[in-house]
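Engineer: Shown below is the structure under consideration.
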Amino acid sequence: MRCGVLFFSVAWLAGCGREEVQVYRVAKEPEAPAKPGGMPPGHPETASGNMGSPASSGLPKLVYKVPDGWEEVTPGEMRLASFRVKGADSKIADVGVFPLPGLAGGDLGNVNRWRSQVGLEAITEEEMKKQAQPVEMAGSRADLYEMAGEATSGDKTRILGAILRNEGVAWFFKMTGDDALVAQSKTAFIEFLKSMSFAAQQPDLPPSHPPVDGVSIAAARAPATGSDGHVHESGKPQWQVPPGWTETAGGQFLVAKFNISGEGNAQAAVNVSMSAGDGGGWVGNVNRWRRQVGLGELAETEIAKQTTTLDAEGGKANIVEMSGTDPKTNQKTKVIGVMVPRPSQAWFYKLMGGDALVDREKASFLKFVQSAHYPHAS
């Protein structure tokens, strides 16, 4: 197995009406290969319009192991990584990695899009859930879908598609190609998925690099000064941290992270993140939190029934609570999630841990959210 490391950032190109994904790679780029044989024109994910706007929340580093026999090739538009798998009789399978923001069309929309690419009819959300195969990726659950049919060329084709949602970004991992070859490669593809991890280190981008989330690299590295005259380290809000919370290094996409210890081995964590715009919206983030504790997605009307509000700086914050099971530990887990809308951005707070500990810390958590004074607040 070979190891790979990828950096990416996304810049919204002002004034040109299009998006561009810029890829930074540690290893020397291989030469661009010819288009794999057997792939019809308009092959999935070869054009930038297939899966929406690119992700713009943070600069993660993706670490993975490449299975033996996979050839890494230069990724096309919207791809963070591409691989080619060769089989007998010149059969080919294509593997791509695609990071996108927020819901990115929702799981059902993407699964049905894949199904249409092999001539299958659309399915319902209930049917989709029955077909989902859980795979642990980067410490979280991803859902793997398998579908076989015929491509527009008439060739028997199979797709393996996995969807991982991590801190506001939807990651799509997809293998497409000859039916028998993809079926034969399924074990290697799953091992590839399981090898994924995210590292907090970011690439050393130049200050002149195009803005990310509307903020230049130079501005992002400089301390932010609020209207109160105080310096906010790395744009972090000022807040009152409750006793017993221990701040720790946050991962990619996180502004701050705090660990909380309870009785025995009970643990909980508070994550704070910020996204441009509405960060994927309230419904999208609530359903993301629900998936993290093994719960199914809800419609907007159902989420509205479960939503309460809290006074926060500049207006009202949305709050939701949910209980489920941590797929990594199979322990009962509770989440309290908060979204604080701000001008041109959204702040997200999540308290997650054992039921009893989360209940104990709920009041402190909400006071913490209310105490936040944001950079550049007027």
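Engineer: Mind checking the per residue accessible area of region 294-378 for me, 1.4 Å probe, whole number of Å²?
Structural biologist: 49 Å²
Engineer: Give me the one-decimal nm value for the distance between modelled label points at residue 323 and residue 88, 7 Å along each residue's Cα-to-Cβ direction.
Structural biologist: Using points 7 Å along Cα→Cβ, the separation is 5.5 nm.
Engineer: Work out the FRET efficiency for residue 308 and residue 265 from their Cβ-Cβ distance, taking R0 = 35 Å, and round it to the nearest 0.05. Spell out each step's value before the answer.
Structural biologist: Details: r = 31 Å, r/R0 = 0.87.
Working from the Cβ atoms, E equals 0.70.
Engineer: For the cross-link pairs 186/332; 194/257; 130/328; 130/156; 257/334, which exceed 28 Å when the distance is taken from alpha carbon to alpha carbon?
Structural biologist: As for pairs spanning more than 28 Å Cα to Cα, those are 186/332.
Engineer: Stick to Cα atoms and the Kirkwood definition of Rh, then tell me Rg/Rh for region 248-378.
Structural biologist: Checking Rg against Rh, the ratio lands at 0.95.
Engineer: Sort 278, 143, 355 by accessible area with a 1.4 Å probe, largest first.
Structural biologist: Largest accessible area first, the residues go 278, 355, 143.
Engineer: I would also like to ask the following. Please give, to one decimal in nm, the separation of the simple spin-label points placed at residue 194 and residue 356, each 7 Å out from Cα toward the Cβ.
Structural biologist: 3.4 nm
Engineer: Extension gain residue 183-residue 363, at 0.36 nm per residue separation less the Cα-Cα distance, in nm?
Structural biologist: 59.7 nm
Engineer: Got a number for carbon plus sulfur as a percent of region 124-171's accessible area, 1.4 Å probe?
Structural biologist: Of all accessible area on region 124-171, carbon and sulfur atoms account for 42 percent.
Engineer: Using 7 Å Cα-to-Cβ label points, what is the residue 65/residue 241 separation (nm, one decimal)?
Structural biologist: Each label point lies 7 Å from its Cα, and together they span 3.6 nm.
Engineer: May I pose another question? Once amide H atoms are placed 1.01 Å from N in the peptide plane, what residues at a sequence separation of 5 or more from residue 277, or on another chain, have their amide H within under 5 Å of its amide H?
Structural biologist: Those lying under 5 Å, H to H, from residue 277 are 345, 346.
Engineer: Heavy atoms only, probe 1.4 Å: what % of the accessible area of region 253-378 goes to carbon and sulfur, would you let me know?
Structural biologist: C and S fraction of accessible area: 48 percent.
Engineer: Something else: Which FRET efficiency value, to the nearest 0.05, do you get for residue 255 and residue 156 by plugging their Cβ-Cβ distance into 1/(1 + (r/R0)^6) with R0 = 56 Å?
Structural biologist: 0.70
Engineer: Please give the contour-minus-distance gain from residue 330 to residue 113: 0.36 nm per residue of separation, less the Cα-Cα distance, rounded to one decimal in nm. Numbers along the way, then the final one.
Structural biologist: Details: separation 217, 0.36 × 217 = 78.12 nm, distance 3.20 nm.
Between residue 330 and residue 113, full extension yields an extra 74.9 nm.
The values are calculated or read from the model by the stated rules, or taken from the named source; none is laboratory data. All values reported here derive from a predicted model rather than from experimental measurement. Positions of Cβ are backbone-derived with ideal geometry, glycine not excepted, and every protein chain shown enters the neighbour counts. To get the accessible areas, we keep the full protein, side chains included, count just its heavy atoms, and leave off ligands, DNA and RNA. Shrake-Rupley method; radii C 1.70, N 1.55, O 1.52, S 1.80 Å.
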